[in-house]
Amino acid sequence: MLLVLVLVYVFNFLDRQILSILAERIKADLGLSDAQIGFLYGTAFAVFYALFGIPLGRLADVWVRTRLIAIGLASWSVMTALSALARTFFQLSVARIGVGIGEASASPAAYSLLSDYFAPAKRATVLAIYSSGIYIGAGLGLGIGGLIVDRWDSAFAGQLTPFGLRGWQVAFLAVGLPGLLLAGWVATLREPSRGQSDGLATTPADAHPWREFALELRAVLPPLTLYHLWSLGAGARGLTLNLGAAVGVAVVVTLLVSLLGTPAQWIALGVGVYATISWSQALAIRDQHAFDMIFRTPSLRYGAVGFSLLAFTGYGLGFWTAPYFIRTHGVTEAEAGLMLGGTAAVAGWLGVTLGGLWADRWRARNRRARLYVGICTALLPLPFAILMLTTGSTWLAFLLNFPVSVGASMWIGPGASTVQDLIQPRARAMASAAYLVVVTFIGLALGPYTFGRLSLASGDLGTAMLMGLVANPLAVFFFLLAARHLPADEARRGSHA
């Protein structure tokens, strides 16, 4: 199970990260800016990934999780391949939205499956090994994408290409279609009993899983959110609060668009924030206990913000490092893809695995250990990242990217396992989806876009990346807050169970 789910996550990030190495060619062909490229990688993907993760997380709590992952994998693989047919910014945005919706099926269900197969004492290690697929996939995306785009465009320079395809379009086809084969394998995996590793074995409470999915989907899709609240008995007060939240979000979005432009970025993010507010309001009515576990557990709340700020830096650096080397050091896509892709795969795998092992072993002596690993992840990579972005030596910068990637990846397992530790088995997938909403909105929707905006404002991508590192010290503050509350919150979970 663990091996196959790692492969699923490899394809998840292979299809996601390949846009980074293709960014310069796509910008030239479609006439896009850094902010638009950041939107395509971040917000267009992230908002729908996060929102659909909620109903798909609910479906994972009441349906066959392996089957759900298989369907999602097939879906996002098809949408990645369809990205090759895009001829405009809008068409590529739609394809990226489709990839985001499909990929939303994977992690909530995978976290839940692995938490049932492995004991709590091994949970951070196991979830870290699963999450190593992020870096293996990202590395493969950079390496494969760089080779394909460089070789294809060089081979057909000044000539008509087969089917009129450019190198970046061929790259999308090459990484998208193989996922269909893996989806068939995933569908054959065995489903474990829920909660078996915690001694809290349960079965899905509802015999109609797709009805549960539809209800949860209705809770996050405006304007169906209003009907959903009314049908749950929210009353005039509940509907008024929801409409007030909608107006507040609309005002903030209007101000951001007037100040910063890029309306697609802020409208999409605003819709996502409003949908999340509506979903949480509905959850409080329908399942007060689950709402309390997810939203009224202080250590989970503060920890999620801390890990999200690390994701902000990680996604920002992860996406813009390849364009930085191409622009600043004058390397080709193939060179950047091979060097950075190999580094991402090896260093990322090493960092995320070491982070999980370290968190589990330290936790045997200190229950706050997983949050402390988050603090170390925030601080250790900073001097290496600063030197990487300021040195004039290309080879030194490539070498420094290795410790940056190791240090920046250690938080993944501790973050995911912190959620699993604080939530009862019956709501783990849904809680994971809620956690991923926060990580995705702050990390993926804002990280790459913000780095792109800072690049436009400063006129230098390296300067923008240095400015983005400010998020890491802020993450330390939230981890310290979370650590204060963790023992009491874990004790409360035990009493609830």
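The values are calculated or read from the model by the stated rules, or taken from the named source; none is laboratory data. Quick caveat, the model's predicted, so the values are computed rather than measured. Backbone-built Cβ (ideal geometry, glycine too); neighbour counts: all protein chains shown.
Taking the criterion of being surrounded by 22 or more Cβ atoms within 10 Å (Cβ to Cβ) and over 18 Å from LYS122 (Cα atoms), would at least one residue in region 348-364 satisfy it?
Yes; the residues of region 348-364 include at least one that is surrounded by 22 or more Cβ atoms within 10 Å (Cβ to Cβ) and over 18 Å from LYS122 (Cα atoms).
Tally the residues that are farther than 24 Å from GLY413 by Cβ and either modelled with pLDDT of 90 or more or crowded, with 24+ Cβ neighbours inside 10 Å (or both), restricting the search to region 286-321.
1
Can you pull out the helices (runs of 4 or more DSSP H) entirely within region 268-382 that have at least 2 residues that are over 30 Å from SER231 (Cα atoms) and of a type outside the set (A, V, I, L, M, F, W, C)? Step through it out loud before you land on a result.
Working: elements: 288-295, 298-328, 333-363, 369-379.
Because the criterion is at least 2 residues that are over 30 Å from SER231 (Cα atoms) and of a type outside the set (A, V, I, L, M, F, W, C), the helices (runs of 4 or more DSSP H) in region 268-382 that meet it are 298-328, 333-363, 369-379.
One line per residue, one yes/no per condition, for (1) closer than 23 Å to PRO414 by Cα; (2) aliphatic (A, V, I, L, M); (3) in contact (Cβ under 8 Å) with a residue 24 or more places away in the chain:
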residue: SER33; (1), (2), (3): no, no, yes
residue: ILE37; (1), (2), (3): no, yes, yes
residue: ALA50; (1), (2), (3): yes, yes, yes
residue: ILE54; (1), (2), (3): yes, yes, yes
residue: TRP63; (1), (2), (3): no, no, yes
residue: LEU92; (1), (2), (3): no, yes, yes
residue: ALA95; (1), (2), (3): no, yes, no
residue: ILE101; (1), (2), (3): no, yes, yes
residue: SER107; (1), (2), (3): yes, no, yes
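Tell me the residue from ALA359, ALA385, ALA369, ALA364 that is at negative phi, among the small types (Gly, Ala, Ser) and at pLDDT 90 or above, please. Working first, answer last.
Values: ALA359 fails: at pLDDT 90 or above; ALA369 fails: at pLDDT 90 or above; ALA364 fails: at pLDDT 90 or above.
Of the residues listed, the single one that is at negative phi, among the small types (Gly, Ala, Ser) and at pLDDT 90 or above is ALA385.
Against the condition surrounded by 24 or more Cβ atoms within 10 Å (Cβ to Cβ), within 21 Å of ARG25 (Cβ to Cβ), modelled with pLDDT under 85 and in contact with a Leu (Cβ under 7 Å, 6 or more places away or on another chain), how does ALA344 come out, does it pass? Explain how you work it out, then say what you get.
Values: surrounded by 24 or more Cβ atoms within 10 Å (Cβ to Cβ): yes; within 21 Å of ARG25 (Cβ to Cβ): yes; modelled with pLDDT under 85: yes; in contact with a Leu (Cβ under 7 Å, 6 or more places away or on another chain): yes.
Taking the combined requirement at face value, the residue satisfies it.
Of all helices (runs of 4 or more DSSP H) completely enclosed by region 25-99, which ones contain at least 3 residues that are touching a helix residue (DSSP H, G or I) at 6+ places or on another chain (Cβ under 9 Å) and either farther than 17 Å from ALA264 by Cα or polar (S, T, N, Q) (or both)?
Qualifying helices (runs of 4 or more DSSP H): 43-62, 65-82.
Considering each residue of region 94-112, count those that are modelled with pLDDT under 90 and surrounded by fewer than 24 Cβ atoms within 10 Å (Cβ to Cβ), and give that number.
So the count comes out to 0.
Which residue is nearest to VAL439 (Cα to Cα), if the candidates are limited to region 116-150 and must be modelled with pLDDT under 85, of a type in the set (Ser, Thr, Tyr) and buried (at least 23 other Cβ atoms within 10 Å of the Cβ)?
Restricting to residues being modelled with pLDDT under 85, of a type in the set (Ser, Thr, Tyr) and buried (at least 23 other Cβ atoms within 10 Å of the Cβ), the top hit is SER131.
Any residue in region 314-330 that's touching a residue at least 12 places away in the same chain (Cβ under 8 Å) and closer than 14 Å to ASN401 by Cα: show its pairings with residues that are assigned to a loop (DSSP other than H, G, I, E, B) and of a type in the set (A, V, I, L, M, F, W, C) at Cβ separation under 6 Å, as long as the two are six or more apart or on different chains.
So the pair list comes out as PHE325/VAL331.
Which condition number in (1) within 15 Å of ALA344 (Cβ to Cβ); (2) modelled with pLDDT under 85 is the one that GLY158 fails?
For GLY158, the failing item is (1).
Please verify whether ARG151 is over 25 Å from the mean Cα position of the chain (by Cα), in contact (Cβ under 8 Å) with a residue 40 or more places away in the chain and in a loop (DSSP other than H, G, I, E, B), treating the condition exactly as stated.
Details: over 25 Å from the mean Cα position of the chain (by Cα): yes; in contact (Cβ under 8 Å) with a residue 40 or more places away in the chain: yes; in a loop (DSSP other than H, G, I, E, B): no.
For ARG151, the condition - over 25 Å from the mean Cα position of the chain (by Cα), in contact (Cβ under 8 Å) with a residue 40 or more places away in the chain and in a loop (DSSP other than H, G, I, E, B) - is not met.
Going residue by residue through region 20-30, is there one that turns out to be surrounded by 19 or more Cβ atoms within 10 Å (Cβ to Cβ), modelled with pLDDT under 85 and under 17 Å from GLY100 (Cα atoms)?
Yes, region 20-30 contains at least one residue that is surrounded by 19 or more Cβ atoms within 10 Å (Cβ to Cβ), modelled with pLDDT under 85 and under 17 Å from GLY100 (Cα atoms).
Could you tell me whether region 185-193 includes any residue that is over 23 Å from VAL437 (Cα atoms), over 27 Å from the mean Cα position of the chain (by Cα) and either acidic (Asp, Glu) or at pLDDT 90 or above (or both)?
Taking every residue of region 185-193 in turn, none turns out to be over 23 Å from VAL437 (Cα atoms), over 27 Å from the mean Cα position of the chain (by Cα) and either acidic (Asp, Glu) or at pLDDT 90 or above (or both).
Mind listing whichever residues of region 328-341 are within 17 Å of TRP168 (Cβ to Cβ) and either surrounded by fewer than 16 Cβ atoms within 10 Å (Cβ to Cβ) or touching a strand residue (DSSP E or B) at 6+ places or on another chain (Cβ under 8 Å) (or both)?
THR332
How many residues does region 11-46 contain that are under 13 Å from the mean Cα position of the chain (by Cα) and of a type in the set (Val, Ile, Thr)?
The qualifying residues number 1.
Residue under question is VAL4, and the condition is that it be crowded, with 20+ Cβ neighbours inside 10 Å, β-branched (Val, Ile, Thr) and assigned to a helix (DSSP H, G or I); does it hold?
No.
Can you work out which of the residues in region 206-224 that are surrounded by fewer than 17 Cβ atoms within 10 Å (Cβ to Cβ) and within 22 Å of ARG67 (Cα to Cα) is modelled with the lowest pLDDT?
ASP206
Taking helices (runs of 4 or more DSSP H) that do not extend beyond region 426-497, which have at least 3 residues that are at pLDDT 90 or above?
Values: elements: 428-439, 447-458, 461-468, 471-496.
Output list reads 447-458, 461-468, 471-496.
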